[in-house]
Amino acid sequence: MTKTNKEATMSNQSTENKISKKSDYRAKDITVLEGLDPVRKRPAMYIGSTGIEGLHHLIWEAVDNSIDEAMAGYCDSIEVAILPENAIRVSDNGRGIPVDIHSQTKKSALELVMTKLHAGGKFDNNAYKVSGGLHGVGISCVNALSTWLRAEVRRDGKIYVQEYKIGKPQAKVKSIGKTSENGTTVIFKPDETIFKTTEFNFKTILTHLRQQAYLTKGVKIKIRDERNQNEIKEYNFYFEGGLISYIKHLNHNNKKEQQNIFYVEKESEGIKVEVALQYTDEYKESVFTFANNIFTVEGGTHLSGFKAALTRSINAIAREKAILKDKEDNLSGDDIREGLTAVISVKVPDPQFEGQTKSKLGNPEGRTAVETVFAEAFNDFLRENPADANNIIKKCLLASRARQAAKSARETVLRKGVLDGMTLPGKLADCSNQEPEKCELFIVEGDSAGGSAKQGRDREFQAILPLRGKILNVERTRLDKILANEEIKSLIIAMGTSIGEEFEVERLRYHKVIIMTDADVDGSHIQTLLLTLFYRYFQNLIIQGNLYIAQPPLYKVKSGKESKYIYSDEELTSFKNKLAKTKTPIEIKNLKQDAETGFSKKEINDEEIEDKVDLEAKLDIQRYKGLGEMNPDQLWETTMNPDHRVLKQVKIEDAEEADHIFETLMGKEVQPRKIFIQTHAKRVKNLDI
């Protein structure tokens with residue numbers, strides 16, 4: 001048989017196999033998921049992820065229902081408690097979920113809300129004029145992803161209860177007593193088989209609830225951490241000032257360029273608009289947007305309306321005051337938003353969010369409402385407060401001049417950039433692969449480590465960019481000065497995204513950008529400087545999950561012919577204790593040394609000394625002070641090989657908190673940084689000085 005005939009025969013057999021396989025696809029292969037099964041099958045579709053963010057999203061969904069009651073005017077007190085064993089209790093004094101029988105399903109409305117997707121009182125405007133819960137899947141998702149949940153309703157003079165396990169009711173709704181109060185309490189424990197961790201972060205919850213209290217003025221919100229009965233933590237939030245109080249909180253560390261905080265609250269076309277803003281002496285902009293109290297991290301139409309009105313108003317008043325001449329170009333949006341802190345909150349009757357996690361508002365009327373309300377009120381504010389208006393315009397003009405300087409510098413960078421094809425930074429050891437999704441860029445501290453990394457890497461997909469010394473602190477510097485820094489300039493060219501107005505995340509040449517520094521104080525400082533740069537000027541890389549931090553080992557421990565890399569002092573102690581096989585683990589690093597044995601006889605008995613001395617004799621422990629101490633093979637094996645390395649993905653869990661931390665640690669003001677260091681100094685372990 002010729003090769004051609006053989007290929008034809010094989011092709012026919014392949015086609016027959018495909019037809020056979022297709023014919024096996026029958027109705028029996030179709031799976032129908034009932035009730036809450038879709039949530040358990042694909043939880044990330046409903047709560048974003050099964051990581052720490054998704055875990056806390058369960059609380060936000062439960063709290064949103066109480067916030068909706070508050071926005072409707074029926075609730076003024078909400079309490080959230082973290083119970084022992086990481087269960088959560090959310091309670092409010094709203095109207096209480098209805099418990100009467102639903103005419104269509106013949107089930108209690110409470111059971112319907114808790115066990116059916118897309119069941120709730122938020123699909124028309126009768127029960128709620130505005131609400132954060134749009135899809136009716138929130139609390140039922142919480143139920144589906146909890147090992148158990150108890151719903152308690154106080155209404156109509158009675159207390160009603162129903163309990164569930166993995167979303168399934170254990171009995172019918174029943175009355176267990178009388179009460180003169182109204183409200184709903186939901187207690188739930190997340191399912192450990194669904195979530196990667198069920199350990200709630202108190203600070204994350206605290207920050208979110210504080211934010212909700214600012215957005216819902218006049219509502220008391222209490223949070224309690226009851227996991228440690230000997231030390232119960234409790235905070236109470238109540239802000240009569242609402243967004244004005246929020247702006248004061250956001251700007252408490254900054255010098256104010258604008259003395260009077262602007263605020264407007266007004267309704268337009270059925271949409272309630274609230275905006276507060278103040279300018280500071282900072283270079284960054286901090287704008288937070290909310291729709292029905294949901295933080296819209298990606299903005300949306302309400303943000304677009306605000307930006308357009310702000311730019312138009314300031315340009316108009318600048319020309320009206322003849323500060324901006326007729327022949328001069330208008331100030332750009334970036335110029336005008338430098339140093340701005342603003343909060344935009346809208347209440348929309350029928351919000352259109354992108355996805356269940358509600359990261360972006362899509363209602364076109366949201367833009368019109370914000371633009372109309374804000375423009376009218378802000379124009380009046382600028383005319384009524386001429387000193388503030390002058391300070392704002394002067395700051396914008398200064399930003400414009402700096403932008404022009406930065407533009408010239410950026411054009412210089414781009415002329416020498418990736419578009420020329422042959423002019424990547426000389427220090428960059430690029431990879432041969434041209435597909436960004438398969439490529440990695442290691443930003444390495446120092447030429448010595450850079451040399452090891454270049455020799456140890458896989459040249460197919462790994463690029464190395466060594467940095468000389470510590471880069472500029474961008475928190476205290478304008479863009480034109482940043483672009484004059486050679487190390488930052490090399491990084492921008494290597495990544496290919498440009499920076500500032502021309503930043504395009506789609507042009508990123510490496511889908512993994514990895515910071516790799518020494519495990520010492522200088523390495524941590526360089527890491528912090530780089531993180532500040534990425535957070536302020538390449539934030540979309542973090543949001544898209546492109547930024548990572550490499551975790552090189554601290555030790556290499558040899559025991560006989562076997563060797564092991566150790567990544568922390570705690571891991572080393574644990575490893576030693578495991579080998580020693582003592583009944584009581586002994587933390588070697590905390591024992592006072594004896595001249596002969598290395599251990600104090602006052603603290604351990606003779607047998608333990610012999611065990612430990614014998615162990616120490618058998619172990620060869622090498623401490624790596626820097627990446628440059630590793631030979632190329634070791635660096636590849638421990639830190640660069642995708643099969644064995646440890647990478648930490650950089651994420652922004654809380655934009656407001658991240659902004660505050662960068663401002664505190666890297667900003668101009670010394671006092672907040674001093675207080676931060678004094679507060680957290682005792683938590684630092686094994687400080688390497």
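Only one of (1) in contact with an Asp or Glu (Cβ under 8 Å, 6 or more places away or on another chain); (2) within 14 Å of residue 81 (Cα to Cα); (3) among the hydroxyl-bearing types (Ser, Thr, Tyr) fails for residue 198. Which number is that? Going through the list (1) in contact with an Asp or Glu (Cβ under 8 Å, 6 or more places away or on another chain); (2) within 14 Å of residue 81 (Cα to Cα); (3) among the hydroxyl-bearing types (Ser, Thr, Tyr), residue 198 breaks only (2). If only residues of region 186-197 that are surrounded by fewer than 19 Cβ atoms within 10 Å (Cβ to Cβ) and not acidic (Asp, Glu) are counted, the one that is nearest to residue 156 (Cα to Cα) is 189.
Evaluate the following for residue 79: is it at pLDDT below 95 and either farther than 22 Å from residue 209 by Cα or within 30 Å of the chain's Cα centre (by Cα) (or both)?
Numbers: at pLDDT below 95: no; either farther than 22 Å from residue 209 by Cα or within 30 Å of the chain's Cα centre (by Cα) (or both): yes.
No: the conditions fail for residue 79.
Hey, among the residues in region 136-164 that are of a type outside the set (Ser, Thr, Tyr) and over 15 Å from residue 112 (Cα atoms), which one's surrounded by the most Cβ atoms within 10 Å (Cβ to Cβ)? Applying the filter and picking the extreme gives 145. Residues that are open to solvent by 70 Å² or more (accessible area, probe 1.4 Å) and touching a residue at least 60 places away in the same chain (Cβ under 8 Å) within region 620-630 comprise 620, 622, 623, 625, listed in sequence order.
Could you tell me whether residue 87 is open to solvent by less than 40 Å² (accessible area, probe 1.4 Å), over 23 Å from residue 115 (Cβ atoms), touching a Phe, Trp or Tyr at 6+ places or on another chain (Cβ under 7 Å) and of a type outside the set (S, T, N, Q)? Walk me through how you get there before you give the answer.
Details: open to solvent by less than 40 Å² (accessible area, probe 1.4 Å): yes; over 23 Å from residue 115 (Cβ atoms): no; touching a Phe, Trp or Tyr at 6+ places or on another chain (Cβ under 7 Å): yes; of a type outside the set (S, T, N, Q): yes.
In short, no.
Candidates 235, 263: the one that is within 26 Å of the chain's Cα centre (by Cα), assigned to a strand (DSSP E or B) and surrounded by fewer than 20 Cβ atoms within 10 Å (Cβ to Cβ) is 235. Restricting attention to region 32-65 and to residues that are in a loop (DSSP other than H, G, I, E, B) and at pLDDT 85 or above, the residue that is farthest from residue 113 (Cα to Cα) turns out to be 51.
Looking only at strands (runs of 3 or more DSSP E) that fall completely inside region 158-215, which ones have 3 or more residues that are more than 14 Å from residue 142 (Cβ to Cβ) and without any contact (Cβ under 8 Å) to a residue 24 or more places away in the chain? Give the steps one after another, and end with the answer.
Details: elements: 158-165, 174-178, 183-190.
In region 158-215, 158-165, 174-178 are the strands (runs of 3 or more DSSP E) which contain 3 or more residues that are more than 14 Å from residue 142 (Cβ to Cβ) and without any contact (Cβ under 8 Å) to a residue 24 or more places away in the chain.
Candidates in region 332-384 are the residues that are among the acidic types (Asp, Glu) and in a helix (DSSP H, G or I); of these, the one that is most open to solvent (accessible area, probe 1.4 Å) is 384. Is it the case that some residue within region 90-103 is crowded, with 20+ Cβ neighbours inside 10 Å, within 30 Å of residue 354 (Cβ to Cβ), touching a strand residue (DSSP E or B) at 6+ places or on another chain (Cβ under 9 Å) and modelled with pLDDT under 90? Checking region 90-103: not a single residue is crowded, with 20+ Cβ neighbours inside 10 Å, within 30 Å of residue 354 (Cβ to Cβ), touching a strand residue (DSSP E or B) at 6+ places or on another chain (Cβ under 9 Å) and modelled with pLDDT under 90. Scanning region 455-467 for residues that are in contact (Cβ under 8 Å) with a residue 40 or more places away in the chain and either assigned to a helix (DSSP H, G or I) or surrounded by fewer than 17 Cβ atoms within 10 Å (Cβ to Cβ) (or both) yields 455, 456, 458. On the stretch given as region 294-331, residues that are part of a loop (DSSP other than H, G, I, E, B), on the phi > 0 side of the Ramachandran plot and crowded, with 21+ Cβ neighbours inside 10 Å total 0. Being modelled with pLDDT of 90 or more, in a loop (DSSP other than H, G, I, E, B) and either at positive phi or open to solvent by less than 40 Å² (accessible area, probe 1.4 Å) (or both) is not true of residue 396. Restricting attention to region 468-483 and to residues that are assigned to a loop (DSSP other than H, G, I, E, B) and hydrophobic (A, V, I, L, M, F, W, C), the residue that is nearest to residue 525 (Cα to Cα) turns out to be 471.
Listed here are the residues, each with its yes/no results for (1) modelled with pLDDT of 65 or more; (2) in contact with a Lys or Arg (Cβ under 7 Å, 6 or more places away or on another chain); (3) not in a helix (DSSP H, G or I).
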residue: 611; (1), (2), (3): no, no, no
residue: 622; (1), (2), (3): yes, yes, yes
residue: 628; (1), (2), (3): yes, no, no
residue: 635; (1), (2), (3): yes, no, no
residue: 645; (1), (2), (3): yes, no, yes
residue: 652; (1), (2), (3): yes, no, yes
residue: 661; (1), (2), (3): yes, no, no
residue: 675; (1), (2), (3): yes, no, no
residue: 680; (1), (2), (3): no, no, no
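Scanning region 557-581 for residues that are open to solvent by less than 30 Å² (accessible area, probe 1.4 Å) and among the hydrophobic types (A, V, I, L, M, F, W, C), we see that the one that is nearest to residue 49 (Cα to Cα) is 566.
Per-residue answers, yes or no, for (1) loosely packed, with under 13 Cβ neighbours inside 10 Å; (2) at pLDDT below 95:
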| site | (1), (2) |
| --- | --- |
| 183 | no, no |
| 211 | no, yes |
| 220 | no, no |
| 226 | no, no |
| 240 | yes, yes |
| 248 | no, yes |
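Between a residue in region 42-67 that is at positive phi and in contact (Cβ under 8 Å) with a residue 24 or more places away in the chain and any residue that is among the β-branched types (Val, Ile, Thr) and buried (at least 17 other Cβ atoms within 10 Å of the Cβ), which pairs come within a Cβ distance under 7 Å, given they are 6 or more apart or on different chains? Partner pairs satisfying both residue conditions: 48/357.
The values are calculated or read from the model by the stated rules, or taken from the named source; none is laboratory data. Not measured: the values here are computed from a predicted model. Because the Cβ atoms are built from the backbone with ideal geometry, glycine has one as well, and the counts that use them run over all protein chains shown. Quick note on the areas: whole protein, heavy atoms, side chains included, nothing else; ligands and nucleic acids left out. Shrake-Rupley method; radii C 1.70, N 1.55, O 1.52, S 1.80 Å.
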